[in-house]
Amino acid sequence: MDAISAFEKGLANHPDRACFIFGDQSWTYQEVGRLINRIANKLNACGYQDGVQGAVLSPNDAIAFTCVFGILKAGMTWVPLNAKNTPDNNRYLCDAFDAQVLFYHSSMAATVQDIRDGLPKVEIFVCVDQPMNGDPSLENWLGDVSDIAAPAQQDPHSLSMILPTGGTTGMPKGAMLSRHSIAVFCRTVVELCPHDEPPVYLAAAPLTHAAGLICFPIMAQGGTTVITTSPDPLNLMQLIARHRVTDLFLPPTVIYMMLAHPQVSQFDYSSLRYFLYGAAPMSVAKLKEAITVFGPVMTQFFGQSEAPCTCTHLSPAEHIPNGVPASDSVLSSCGKATPYVELAILDGGGNPVPDGERGELAVRSDLVMMGYYKNPEATAAATVNGWHLTGDIAFKDADGYYHLVDRMKDMIITGGFNVFSTEVEQAMLSHPAVQDCAVIGVPDDKWGEAVKAVVQLRGGQTTTEATLIDHAKALLGSVKAPKTVEIWDDLPRSTVGKVLKRDIRSKFWENRDRAIN
């Protein structure tokens, strides 16, 4: 059940149900299906089939996202381009991943014009909503092509998408995901987040990443995807109530902004069944607050581009067993292994370590990527004894819950002691005045690195550096507590909402020995 199979299952069972809602417009599965077929037929008529990449550059948009399905239906490979990336980053992704077709939204016309000369492999440019830059609109390009699906036999192990990695060191790599990998992802989500009736999913994060992938299992259940371009907390809360949303995915930073909004308690969240979070660890204190505000619906998935989204799972029932929040140990975990993956904690030699000991989290599953696109060296470096190495330091407890301790590159070594930034961040985020936080190591002549916290306060809140340091010391002791704290108006974030520690480090490590990554 890859992306196309998931859509076609929804189409077969619920042809007249709304597939997409975007603003005041709505499209049924039948209407979306006809457009998908036209796009696929046109691409095939142009000679584009297996082994050819097609890219889509757009903010969240129903028609642009339908182009993704047209690319996949044609047997091609999707290259996601995030509208919030820099133009140079999207030019690099499009060219390095060999896209030959580019669909773009008119809001990205200036970017496309700027990078066009750097895209010699792109043979067709199509603007999805109107003619632009001398390029045809989608409707003009399609012309009178048939909306009847052409028969297609697609190898389940063929390439489905090239998903850019985070790009924390240099330019992003391309994780090659097969149709079978996407099918494993879909099957996992459907099994672990079941519905008696077709769900209503709010897609607020960029559709180029996890928020877009989640649409596939939603479609398999005949669900409706409500698309929004604005992650503004008030907009999200209004949409949940208006559309009776059942499923929602957000990174923790956006959830923190919702919780800090003065109107958060004024909306009806009773329709929610699964409020999914991931992409970064979440504060236990704020997770408990979210359970109180949104109900017993919080649901965690952990994964990465190379093994999308569903390596571990923490269900709503595990968050709040017997009507009360679970222990901090459970809530700070990323859950247990999902049904179709094997997990291991490995030492530096690639050998499993006992429960409770720290090592690198490794994954073995059909979920895992085929490798990095045209980068066998990086593929080999991320593989040992058949395991994919995630780059995360973790441990498994006696009950089978996995705990992410830190990214390997984020661990702080101060005076010979290892300090894990996520542990310090949990302590800082438990202070009621703190909305978000990043902890890094900064240069220190005595300790080598000193622990530093950079925090963003909730609206209307005030506190001092000394107060926050004392708060952390009371929870962690003096070695792990920050030596200094800075309060910033906002923290730098990636296009999917993650706090960019590399940007924060760059302020303190410029012209110093430690790599900024």
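Looking across segment 52-61, the residues that are crowded, with 24+ Cβ neighbours inside 10 Å and not β-branched (Val, Ile, Thr) come down to GLN53, GLY54, ALA55, LEU57, SER58. Selection of first residues in segment 221-237 that are touching a residue at least 40 places away in the same chain (Cβ under 8 Å) and outside any helix (DSSP H, G or I) and of second residues that are surrounded by fewer than 19 Cβ atoms within 10 Å (Cβ to Cβ) and of a type in the set (Ser, Thr, Tyr), restricted to Cβ pairs under 9 Å at least 6 apart or on distinct chains, gives the following pairs, ordered by first then second residue: THR224/SER26. Under the condition of being touching a Pro at 6+ places or on another chain (Cβ under 7 Å) and acidic (Asp, Glu), the residues counted in segment 385-439 number 0. Considering every residue within segment 100-108, establish whether at least one is part of a helix (DSSP H, G or I), modelled with pLDDT of 95 or more, among the small types (Gly, Ala, Ser) and crowded, with 24+ Cβ neighbours inside 10 Å. Scanning segment 100-108 turns up no residue that is part of a helix (DSSP H, G or I), modelled with pLDDT of 95 or more, among the small types (Gly, Ala, Ser) and crowded, with 24+ Cβ neighbours inside 10 Å. Among residues of segment 177-193 being polar (S, T, N, Q) and in a helix (DSSP H, G or I), the one that is surrounded by the most Cβ atoms within 10 Å (Cβ to Cβ) is SER181. Of the residues making up segment 20-33, at least one is among the aliphatic types (A, V, I, L, M) and assigned by TED's automatic domain parsing to the domain that holds ASP144. Scanning segment 1-35 for residues that are touching a residue at least 60 places away in the same chain (Cβ under 8 Å), β-branched (Val, Ile, Thr) and buried (at least 22 other Cβ atoms within 10 Å of the Cβ) yields one hit, ILE4.
Note on segment 10-32: residues that are out of contact with any Asp or Glu (no Cβ under 8 Å at 6 or more places or on another chain), under 13 Å from CYS215 (Cβ atoms) and part of a helix (DSSP H, G or I) amount to 2. On the stretch given as segment 406-421, residues that are crowded, with 22+ Cβ neighbours inside 10 Å and either polar (S, T, N, Q) or over 22 Å from the mean Cα position of the chain (by Cα) (or both) total 3.
Return the residues of segment 266-284 that are touching a Pro at 6+ places or on another chain (Cβ under 9 Å) and in a strand (DSSP E or B); say none if nothing qualifies. Once the filter is applied, which keeps residues that are touching a Pro at 6+ places or on another chain (Cβ under 9 Å) and in a strand (DSSP E or B), segment 266-284 yields TYR274, PHE275, TYR277. Take the conditions (1) modelled with pLDDT under 95; (2) surrounded by fewer than 19 Cβ atoms within 10 Å (Cβ to Cβ); (3) of a type in the set (Ser, Thr, Tyr); TYR340 misses just one of them, which is (1). Could you go through segment 48-66 and let me know if any residue there is without any contact (Cβ under 8 Å) to a residue 40 or more places away in the chain and of a type in the set (Asp, Glu). No: segment 48-66 contains no residue that is without any contact (Cβ under 8 Å) to a residue 40 or more places away in the chain and of a type in the set (Asp, Glu). For segment 285-323, the set of residues classified as of a type in the set (Phe, Trp, Tyr) and either surrounded by 24 or more Cβ atoms within 10 Å (Cβ to Cβ) or assigned to a loop (DSSP other than H, G, I, E, B) (or both) consists of PHE301, PHE302, listed by residue number.
Considering only residues that are closer than 19 Å to LEU239 by Cβ and touching a Cys at 6+ places or on another chain (Cβ under 9 Å), which ones fall in segment 181-208? Of everything in segment 181-208, those that are closer than 19 Å to LEU239 by Cβ and touching a Cys at 6+ places or on another chain (Cβ under 9 Å) turn out to be PRO199, TYR201, ALA203, LEU207.
The values are calculated or read from the model by the stated rules, or taken from the named source; none is laboratory data. In this text, all values refer to a predicted model and were calculated from it rather than measured experimentally. Every residue, glycine as well, gets a Cβ built from its backbone with ideal geometry; the counts of neighbours run over all protein chains shown.
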